[in-house]
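Scroll down for the structure; my scribbles are underneath it.
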Amino acid sequence: MKLRVPSYVSHISAVALCVSLGMSPAVASADSVFNRIATFPVYLNTDIDAETVAEIVDVSSDGNTLVYTDSETDKLGFVDITVPSNPTPDGVISVGGEPTSVAVAGDYALVAVNTSPNFVAPSGKLEVYDIGSRTLETTLTLEGQPDSIAVSPDGRYAAVVIENERDEDFDPQDGEPPQLPSGLLQIVDLEGDPDEWTLRDVDLEDVADLFPKDAEPEYVDINSNNVAVVTLQENNHIVLVDIPTGNIVNNFSAGTVNLHKIDTKEEDPALIRLTDRQLGRAREPDGVTWISNDLFVTADEGDLFGGSRGITMFDTKGNVKYNSGNLLEHEVVRLGHYPDDRSGNKGNETENAEFGVFGDDGFVFACSERSSVIFVYKVNDKKLELVQSLPSGVGPEGIKAIPSRNLLVAATENDSREDKFRGTLTIYEYDEGDTEYPTIISSNSKGKTPIPWGALSGFAIDPASDNTLYTIHDSFYQQSRIYVMDISGKPAVITGEIVLDDAMGELAGVASTLSNADGTVNLDPEGITVSASGDGSFWIASEGAGSADDAGRPVTSNSIVVNVTDDGTITEVVTLPPAVNAKQRRFGFEGVASVMEGSSEILYVAFQRAWVGDPAPNNVDDGGKVRIGRYDTSTGDWTFAYYPLDVRESPNEGWVGLSEITALGDDDFAIIERDNQANTDARIKKVYSIDVGSVTFKAEGETFDTLDKTLVDDLIPYLEATNGLVLEKIESLAVTSDGDMLFANDNDGVDDSSGETQLIRIDDVF
């Protein structure tokens, strides 16, 4: 079979991937790579409780100050990156409207500001600020609502796209163009002091074929010949303008793409299947960047009818020199970043592009808005090669290459403290070394497409090999499965998947709603362990849904444990006693571990939070208690003990609970205890050990003993060391025979999440 091994994979990981597929590995060179060195949450410039974003970003001429637009607060923000690994807040300026774009020209920041009262009366202004003094130098009135601004490489001109965007809710046209007034391009002659600058208009009407009277331009970039490339997104058109004269020198359709082996269906729960196609898909480009005076690259986001899920390189005659096809879709699937809830729309939704020359190499950087990934392409002899994929905050849009400092900056336009993500500026450095992300990738399936994965929720080491790890996904995805992962290299490689099957009817007999007509099952797997019996089977803990004491969230399934053969067949379903089920809360089974006690196999399960009647936290000096369940497989008896939780510490409050239990040998177990907070709100992401032999586990109705716990490690410093914001759901833990500890987060299936998965290994912990 023909396999495309991602070129961002390091030598070790490439070896792992090739070995897993029976191929001979090729040795990678020790080239410089891009790695994340800092993440700046932009609320540091305002207020932690404020919704604040960074949409478009540029940098001062000396490379020491980032300038970004915050459309949520109508402000222009500044960040000091004199020490790029330690960016610091440097204040904000109110701009009297919605800042849509910013570009730096010499000492000045040119800010395009939307002041439109409505769609039919668009208005805007160009505000010019001295970056050093933060003073407003001049204001130029624009002909409508601006969306993008670019400065020529020689600093002689600026070009402002006046979009005059459509009302997507406008009846009776279902939001479609034409909706007048039309947009245009305005050229700013940057001669003399800012108060001497003048504007010229470039009429874009009657250029495009689709909606000739409603150009609605989207993005602009200028090359060193002072030719501007302008995208007309809804018109699926591209216009080239000679800036000195204002003449249109060429225009052409962006054309269409045939996409194969993609996912075009949205399911709930999600299911990623790369089996569909879209033929004749309009590119509808958004962002655009020149890579030379005769070649440019578009980010084909789509808007009205199209979106081709990738990028395209054109020459100035309109010839396509490169198209990514389904490559970027497959790439985000391979990375665990695929947004299934966008399958029916525009998939990963590549929105913007940037070009920069670092050393002797040119690179194109493309932002995937929905997958929260920055694709890195190397330009080789006018050809593009995908070499890396970088993690970002949620919804990257603005991106700025700073070759003079070997830096790259991405700005994200989404922010929600409630949903545990923040608007950020992410800083990457180009330097010698290994790629630090991704930490997990998937190999190709038998269908020659990447194995889809995400929302990992539990780990189990293969007793026969420390290089093999089994993992599961939670209920975000249907058709529950076990993934087989090779962890011998970095990144780890998902080499196979085992789809669970209820062919014997075991699950249907207990919880029929969890079994599908085709025999697959929709559990909520939160824990996995290899059976200590040695029969090669697995035990999987399913959390259950709903709470007995919450009418708004009634119980729809109970916490259960299922036994699964190595081919995925469910052979046994273990339920809790009815008296315990009657106390269920939706925070149920989160982990399971199997041990042998004499000739009996014993399962230990961790409950996430207190159930009805369990000691509740007072959040002052007592964190409450949660159950550790003990199940004797030979007798069918359940007994319990309590685990004492840490007191809540986060300034954003929330709760503290358990996420995993792992057997260490004898009576010792490792436990993940965490809060439900992320970013700078996170306080508790810890591994504790317990000795179950120190207490007596008791039946329901008796008074449970309380376990003692011993701190093994605080995980937050390891998460901070990734140079991203602290991830919330640390849910998977495994320990090798040598005592190495591996843990990872659940990325929520890229739903209100960046999709980032960090698999972190710490040597010699146990």
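Please treat every number below as a calculation from the coordinates, not as lab data. This is a predicted model, so every value here is computed, not measured. A quick note on method: Cβ atoms are made from the backbone with ideal geometry, for glycine too, and the neighbour counts reach across all protein chains shown.
Pairs of Cα atoms under 8 Å, at least six residues apart: use those to get the relative contact order of segment 182-259, whole percent. Show your work: numbers first, answer last.
On the way: 147 pairs, mean separation 16.9, N = 78.
Reported as a whole number, the value is 22 percent.
Would you mind estimating how fast segment 477-545 diffuses translationally, via Stokes-Einstein at 4 °C and 1.567 mPa s with the Kirkwood radius over Cα pairs, in µm²/s? Before the final figure, lay out each step's value.
Details: Rh = 13.5 Å.
This corresponds to a translational diffusion coefficient of 96 µm²/s.
Along its three principal axes, how long is segment 523-728 when you only count alpha carbons? Whole Å, largest extent first please.
The principal-axis extents, from largest down, are 46, 39, 34 Å.
Would you compute, from DSSP H runs of 4+ residues alone, the mean residue ellipticity of the chain at 222 nm, taking -39500 (n - 2.57) per run and dividing by the full residue count, rounded to the nearest 500?
Numbers: 4 runs with 28 residues, N = 766.
Calculated from helices alone, the mean residue ellipticity at 222 nm is -1000 deg cm²/dmol.
Just to verify a number: FRET efficiency for Leu279 and Asn516, C-beta to C-beta distance, R0 = 30 Å, to 0.05?
Details: r = 30 Å, r/R0 = 1.01.
For Leu279 and Asn516, the calculated efficiency is 0.50.
Along the charge dipole of segment 95-248, pointing to its positive end and built from +1/-1 on Cβ of Lys, Arg, Asp and Glu, which listed residue (Asn235, Val220, Pro194) has its Cα farthest out?
Pro194
Output the relative contact order of the chain, whole-number percent, from Cα pairs under 8 angstrom with separation of 6+ residues.
Values: 2264 pairs, mean separation 68.9, N = 766.
Value for the chain: 9 percent.
Across the Cα atoms of the chain, what radius of gyration and what greatest pairwise Cα-Cα distance (Dmax) are found, in Å?
My reading of the Cα-based Rg and Dmax gives 27.7, 90 Å.
Please state, rounded to one decimal and in Å, the Kirkwood hydrodynamic radius that segment 174-221 gives when every pair of distinct Cα atoms enters the mean of 1/r.
Working: mean 1/r = 0.0803 Å⁻¹.
After inverting the pairwise mean of 1/r, the radius is 12.4 Å.
If you place +1 on the Cβ of every Lys and Arg, -1 on the Cβ of every Asp and Glu, and leave all else neutral, what size is the dipole of segment 523-728 about its Cα centre, to the nearest 20 Debye?
On the way: 15 positive and 36 negative charges, 117 e Å.
In total the dipole reaches around 560 debye.
Would you mind computing, in nm to one decimal, how far apart the modelled labels at Ala721 and Leu199 are, each placed 7 Å from Cα along Cα→Cβ?
My value for the distance between the label points is 5.4 nm.
Count charges around Gly489 for me, please; just the other residues with Cβ under 12 Å from its Cβ, Lys/Arg as +1, Asp/Glu as -1. Please report the intermediate quantities before stating the final value.
Values: positive: Lys490, Arg761; negative: Asp434, Asp486.
Taking every other residue near Gly489 into account, the sum is 0.
With every atom except the alpha carbons ignored, what do you get for Rg and Dmax of segment 95-248, in angstroms?
Rg and Dmax of segment 95-248, Cα atoms, are 15.2, 49 Å.
At a 10 Å Cβ-Cβ cut-off, how would you order Leu390, Leu240, fewest neighbours first?
Leu240, Leu390
In segment 227-270, whose amide N lies under 17 Å from the spot 7 Å out along Cα-to-Cβ of Glu176? List them in ranges.
Label zone hits: 233-237.
Once each part is reduced to its C-alpha centroid, what is the distance from segment 653-692 to segment 451-498 in angstrom?
Their Cα centres are 21 Å away from one another.
So for His237, His330, His473, fewest C-beta neighbours within 10 Å to most, what's the order?
On the way: His237 27, His330 24, His473 30.
The order, fewest Cβ neighbours first, is His330, His237, His473.
What three numbers, in Å, describe the spread of the alpha carbons of segment 422-552 along their principal axes, ordered from the longest?
Cα extents, longest axis first: 58, 42, 31 Å.
Grab the beta carbon distance between Asp462 and Thr88, set R0 = 51 Å, and tell me the FRET efficiency rounded to 0.05. Don't skip to the end; give the middle numbers.
Numbers: r = 46 Å, r/R0 = 0.90.
After rounding, the FRET efficiency stands at 0.65.
Sorting Leu386, Leu204 on the 10 Å Cβ count, fewest up front, what's the list? Can you show the working numbers first?
Values: Leu386 20, Leu204 26.
By the 10 Å Cβ count, ascending, the order reads Leu386, Leu204.
Placing unit charges on C-beta atoms (Lys and Arg positive, Asp and Glu negative, everything else neutral), compute the dipole magnitude of segment 422-547 about its Cα centre in debye, rounded to 20.
Working: 5 positive and 18 negative charges, 62 e Å.
It works out to roughly 300 debye.
Largest first, please: the extent of the C-alpha atoms of segment 24-101 along each principal axis, to the nearest Å.
Ordered largest first, segment 24-101 gives principal extents of 59, 28, 23 Å.
If you put +1 on each Lys and Arg Cβ and -1 on each Asp and Glu Cβ, how big is the dipole of the chain around its Cα centre, in Debye rounded to 20?
Details: 52 positive and 133 negative charges, 362 e Å.
Rounded to the nearest 20 debye, it is 1740 debye.
What net charge is computed for the residues neighbouring Val510, neighbours being all others with C-beta under 14 Å from the C-beta of Val510, Lys and Arg scored +1, Asp and Glu -1? Provide the component values of the computation, followed by the final result.
Numbers: positive: none; negative: Asp502, Glu506, Glu572.
Neighbour charge sum, excluding Val510 itself: -3.
In segment 376-394, which residues have a backbone nitrogen under 15 Å from the label point lying 7 Å from Asp361's Cα in the Cα-to-Cβ direction?
376-390
Compare the Cα positions of Ala670, Ala616, Thr565 along the charge dipole of segment 523-728 (+1 at Cβ of Lys, Arg; -1 at Cβ of Asp, Glu; about the Cα centre) and return the one farthest towards the positive end.
Working it through, the farthest residue towards the positive pole turns out to be Ala616.
In percent, what relative contact order does segment 629-766 have, based on Cα pairs under 8 Å that are 6 or more apart in sequence?
On the way: 285 pairs, mean separation 26.7, N = 138.
Result for segment 629-766 is 19 percent.
Could you give me the ³J(HN,Hα) list for segment 671-683, computed from phi with Karplus coefficients 6.51, -1.76, 1.60 and θ = phi - 60°, whole Hz, x at Gly and Pro?
10, 8, 10, 8, 8, 9, 10, 9, 6, 6, 7, 5, 10
State the extension gain, in nm to one decimal, for the chain segment bounded by Ser404 and Leu711, taking 0.36 nm per residue of separation less the distance between their alpha-carbons. The partial results should precede the final answer.
Working: separation 307, 0.36 × 307 = 110.52 nm, distance 4.54 nm.
Taking Ser404 through Leu711 to full extension adds about 106.0 nm, to one decimal.
Taking H placed 1.01 Å from N in the peptide plane, check which residues at least 5 places from Lys213 or on another chain put their amide H under 5 Å from its amide H.
Asp206
Measure off 7 Å from each Cα along the Cα-to-Cβ vector at Lys265 and Ser133, then give the distance between these two points in nanometres to one decimal.
6.4 nm
Karplus couplings for segment 483-491 from phi (6.51 cos²θ - 1.76 cosθ + 1.60, θ = phi - 60°), rounded to Hz, Gly and Pro as x?
9, 9, 10, 8, 10, 6, x, 10, x
Looking at Leu271, Asn352, Val249, which one has the Cα that reaches farthest to the positive end of the dipole of the chain (charges on Cβ: Lys, Arg +1; Asp, Glu -1)?
Leu271
Can you check what the net charge comes to around Val227, using other residues whose Cβ is under 15 Å from the Cβ of Val227 (Lys, Arg +1; Asp, Glu -1)?
Working: positive: Arg156, Lys317; negative: Asp154, Asp221, Asp242, Asp294, Asp315.
Taking every Cβ under 15 Å from that of Val227, the sum is -3.
Using only the Cα atoms, what convex hull volume per residue in Å³ does segment 364-495 have? It would help to have the intermediate numbers written out before the result.
Details: hull volume 21.1 nm³, N = 132.
Cα-based convex hull of segment 364-495, divided per residue, equals 160 Å³.
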